[in-house]
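The values are calculated or read from the model by the stated rules, or taken from the named source; none is laboratory data. Note that the structure is predicted; figures quoted are calculated from it, not measured. We place every Cβ from the backbone using ideal geometry, glycine too, and count neighbours over all the protein chains shown. Ligands, DNA and RNA are stripped out before the accessible areas are found, and what is left, the full protein with its side chains, is counted by its heavy atoms. Shrake-Rupley method; radii C 1.70, N 1.55, O 1.52, S 1.80 Å.
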Amino acid sequence: MTQLGSVAWPPAPIRTGRLVLREPEARDRAAFIELLASPEVHTYLGGPRPRDELEREMSGAPERRPGLFTVDLDGAMIGQIILRRATEHGPPAAAGKAELGYLFLPETWGYGYAAEACAAALDWFADELPGEPVVLFTQTANTRSMRLAAKLGFTEAERFEAYGAEQWLGMWSPRPRRPVERVLDSADPQLDSTAATLN
């Protein structure tokens with residue numbers, strides 16, 4: 001995985017309470033096209049791509065590349081997450097850092113799927129590349145994305161103008177993991193006497 005470093009790719013599928021993060025598969029083609037052609041999804045991303053162009057370009061399975069996860073709910077793709085190195089087109093503070101990007105189908109908005117999937121991807125990244133920060137760009141007008149960034153623990157690094165709009169750059173740093181011994185009440189039969197590692 002040259003873009004993110006010496007990480008073996010693809011990883012085993014990442015499972016959360018409701019979702020699976022996995023590599024793209026042929027069965028995801030229609031959902032990929034829907035995602036890239038959706039006016040709602042691309043409101044703050046420069047607009048959707050023409051569906052007929054996407055149909056021609058993606059004749060088979062969606063492209064597989066390091067850092068690209070398909071987000072799967074009950075066997076169907078509902079979105080994608082990508083972790084890649086920020087390009088030189090952003091502000092200097094972001095250059096060379098890992099960047100988190102995500103797109104989800106509009107019918108899945110409002111259920112917490114993006115937060116659940118992005119948190120899992122960030123946890124995976126922190127395990128693979130300990131201590132490395134991650135950046136996220138979004139327009140300040142994109143209130144949903146701003147709320148998600150805050151929920152994930154991104155903090156504002158700077159604001160800047162690009163593409164005719166105010167942009168927000170957030171920075172996320174993994175918290176150090178340390179074992180914490182949980183105090184257990186031996187009188188409570190629901191609890192056992194093991195130690196837990198908390199994030």
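A simple count of charges around LEU105, restricted to other residues whose Cβ falls under 10 Å of its Cβ and scoring Lys, Arg +1 and Asp, Glu -1, yields -3.
Note on the chain: dipole from Cβ charges, positive end direction compared against PRO91, GLY17, GLY46; the farthest Cα belongs to PRO91. Annotation: amide H-H contacts under 5 Å for ALA157 (H modelled 1.01 Å from N, sequence separation of 5 or more, or interchain): LEU169, GLY170, MET171. Scanning the chain for DSSP H helices at least 20 Å long along the axis (C-alpha atoms) with a Kyte-Doolittle mean no lower than -0.5 picks out 113-128. When only the Cβ of Lys, Arg, Asp and Glu is charged (+1, +1, -1, -1), the dipole of the chain relative to its Cα centre reaches about 200 debye.
Each Lys or Arg adds one and each Asp or Glu takes one away; over the other residues whose Cβ falls under 13 Å from the Cβ of PRO13, this sums to -1.
Using only the Cα atoms of the chain, build the gyration tensor, take square roots of its eigenvalues as a ≥ b ≥ c, and label the shape rounded, prolate or oblate: rounded if a/c is under 1.5, else prolate if a/b is larger than b/c, else oblate. Prolate shape, in that a/c is at least 1.5 and a/b is the bigger ratio.
Our summary gives the chain a relative contact order of 16 percent, counting only alpha carbon pairs under 8 angstrom and 6 or more residues apart.
A cut-off under 14 angstrom between Cβ atoms defines the neighbours of ARG27, and their net charge, with Lys, Arg +1 and Asp, Glu -1, is -3. Surface calculation, 1.4 Å probe, protein heavy atoms: SER173 sits at approximately 80 Å² accessible.
Specify the inter-centroid distance of region 81-112 and region 46-73, based on alpha-carbon positions, in whole Å. Value for the Cα centre distance between the two parts: 16 Å. Projecting the Cα atoms of LEU73, PHE160, MET146 onto the charge dipole of the chain (Cβ charges, centred on the Cα centre) puts PHE160 farthest toward the positive pole. Extension gain, GLU132 to ARG84, is 16.0 nm, computed as 0.36 nm per intervening residue step minus the present C-alpha separation. The GLU40 and ALA61 beta-carbon pair, evaluated with R₀ = 30 Å, returns a calculated FRET efficiency of approximately 0.75.
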